[in-house]
Amino acid sequence: MAIKIFIDQGHNPGTINGGASGNGLSEESVNFTVGSMLADMLDSDPRFAVRTSRMYPTQVLGSDTTSSLRQRVNMANYWQADYFLSIHANYNANPSINGSECYVFQRGSVAWNLAQDLLAGIVASAGTRDNQVRVNPSLYVLRATTMPAVLIELGYLTNPQDAQKLRRDPYAFANGIYMGLLNYLF
């Protein structure tokens, strides 16, 4: 039986649960691109079944931030996904802050262990700085999902080097997540 991976391309275009921006990049667009590339990789691997929260780049989920997050979680819970991956890009007022990190609900959990491999895959493939796996139980997508969930921060839109990597080679980030999944699961 195929392993069911739900990919949430975080945020929406526009003002409803809109994401960050920096260095000419919009977070929702980066998230959509990387998430779609990852979905294509998983879709071509018979060991996986995959669904995404956003089917096309202009799709808006929900009517406000709360309903947008709820809709993403409900889609994954209803499908009974085995793993939930929420893809994001980070923002910091200090442009020198850079790197990739993952957030999970609880330390030492299945999600924590998965996040370690996902982060290692991204760092190896995209060449970003390893900012570690972090715990944040307040994040709705981590606490409301019924399966192990990881929120992935690919890199900092506000850091020129990270932004250049996200712009020039989004495939490296998707491939890193894919390799991390393979390393964890097989």
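The table below gives the values:
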| item | result |
| --- | --- |
| Heavy atoms of Ser138 accessible to a 1.4 Å probe, total area in Å² rounded to 10 | 80 Å² |
| Shape box of the stretch 1-100 [Cα atoms, principal axes, largest first, Å] | 46, 29, 20 |
| Exposed trypsin sites (Lys or Arg not before Pro) absent: longest stretch of the chain, with sites in DSSP loops and at most 14 other Cβ within 10 Å deemed exposed | 108-186 |
| Charge dipole magnitude, Cβ of K and R +1, D and E -1 - the stretch 69-186, Cα centre, debye nearest 20 | 240 debye |
| Candidate residues Tyr56, Tyr156: accessible-area rank, largest first, probe 1.4 Å | Tyr56, Tyr156 |
| Cα centroid separation - the stretch 170-186 against the stretch 23-60, whole Å | 14 Å |
| Chymotrypsin sites (Phe, Trp or Tyr not before Pro) restricted to the stretch 60-91 and DSSP loop, no more than 16 other C-beta within 10 Å | Tyr91 |
| Kirkwood Rh in Å, taken over all unlike Cα pairs in the stretch 87-181 | 13.2 Å |
| Calculated P(r) tail over 19 Å for the chain, as whole % of Cα pairs | 53 percent |
| Accessible area (Å², 1.4 Å probe, nearest 10) - Thr58 | 100 Å² |
| Rounded to the nearest 20 debye, dipole of the stretch 4-63 from Cβ charges on Lys, Arg, Asp, Glu | 160 debye |
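The values are calculated or read from the model by the stated rules, or taken from the named source; none is laboratory data. This is a predicted model, so every value here is computed, not measured. For neighbour counting, all protein chains shown are included, and Cβ atoms are generated from backbone atoms with ideal geometry for every residue, glycine included. Just the protein is used for accessible areas: all its heavy atoms, side chains included, with ligands, DNA and RNA removed. Shrake-Rupley method; radii C 1.70, N 1.55, O 1.52, S 1.80 Å.
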